[in-house]
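Comments concern the structure below.
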Amino acid sequence: MSGSYGCMSASFEPAPKAEPPPAAEPALRQWFAVQTRYRFEKSVTAQLNRKDCEAYLPLLTEHHTWSDRQKVVTTPLFPGYAFVHIDQSSGARQAVLRTAGLFGFVSFGGVVVPVPGKQIEDLQFLLRENSPFSLHAFVRTGQRVRIRGGCLHGLEGVLVQNEKEKLLISIESIQRSLVIEIQGYELDLV
C-alpha cells in the first residue's frame, strides 16, 4: 500500500454561494363575509384583529332620544355579518373559523365566494363621508316587489332594470302590462 497521508496540495475554492430559493409569491388576499352570532359582531371583529386577520365591521352611528336622555349608539350596519381580509390558505381559514361567536364563512351552494374589494372600499367611503343613506331590501331584476310609501304605496309588480329602475305591472287576466318609473321609491319583496 502506498500513498501519502497528509495535506492535499490541490487548492480549495469555496463553493459558489447558493442563491436562496425564490420567495413564495405572497398569497392573494381577498375579502370574505363571515356570519356571526347575533350581537357578537364587535366581539368577533376584535378577536379576528387580535389574530392578525384584517377584519372590518361597518358600523352605523345613530342618535337615540328618549324622554330623559339622548345617546349616540353604534350598531352593525349588517347585523350578524362582518368581513375578513385573508388569503385562501387553509391555515388562514382555520384561524378565522376558530373564533368564538363566529358561525362560518358566507357561502352559496357550499362555495365560499369572495366579496369584491371595490364593494368594501365603496362601503368604507360611504360610511367615512357620512353620506345619507338608508338600508334597502336586496332585490334583483325579475323579482316581485311592492312599493312602500309615496303615492304609489302598495302597488305590486316585477322589477325591471333598464336605464332607470322601472316596475312592470301586469294584468294577467287580459295579458297586458305597463311599465312605470320608480326612481326614489322604496321596495319590499313580495
Among the candidates Q35, Q30, which residue alone is modelled with pLDDT of 90 or more, under 30 Å from E129 (Cβ atoms) and out of contact with any Asp or Glu (no Cβ under 9 Å at 6 or more places or on another chain)?
Q35
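How about segment 60-100: which of its residues are surrounded by 12 or more Cβ atoms within 10 Å (Cβ to Cβ) and part of a strand (DSSP E or B)?
Keep residues of segment 60-100 that are surrounded by 12 or more Cβ atoms within 10 Å (Cβ to Cβ), which gives 60, 75-78, 80-88, 92-93, 95-97, 99.
Scanning segment 60-100 gives L60, T75, P76, Y81, A82, F83, V84, H85, I86, D87.
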Restricting attention to segment 107-123, does a residue exist that is crowded, with 16+ Cβ neighbours inside 10 Å, assigned by TED's automatic domain parsing to the domain that holds K42, out of contact with any strand residue (DSSP E or B) (no Cβ under 6 Å at 6 or more places or on another chain) and in a loop (DSSP other than H, G, I, E, B)?
no
How many of the residues in segment 155-190 are at pLDDT 70 or above and part of a strand (DSSP E or B)?
12
Under 9 Å between Cβ atoms, at least 6 apart or on separate chains: pull out the pairs that start in segment 81-97 with a residue that is over 18 Å from R37 (Cα atoms) and end on any residue that is assigned to a strand (DSSP E or B) and among the basic types (K, R).
H85/R29; I86/R29; D87/R29; Q88/R29; A92/R29
I'd like to know if segment 51-72 contains one or more residues that are out of contact with any strand residue (DSSP E or B) (no Cβ under 9 Å at 6 or more places or on another chain) and closer than 18 Å to W31 by Cα.
yes
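The values are calculated or read from the model by the stated rules, or taken from the named source; none is laboratory data. Quantities reported herein were computed from a predicted structural model and do not represent experimental measurements. Methodologically, a virtual Cβ is constructed for each residue, glycine included, from the backbone with ideal geometry; neighbour enumeration extends over all protein chains shown.
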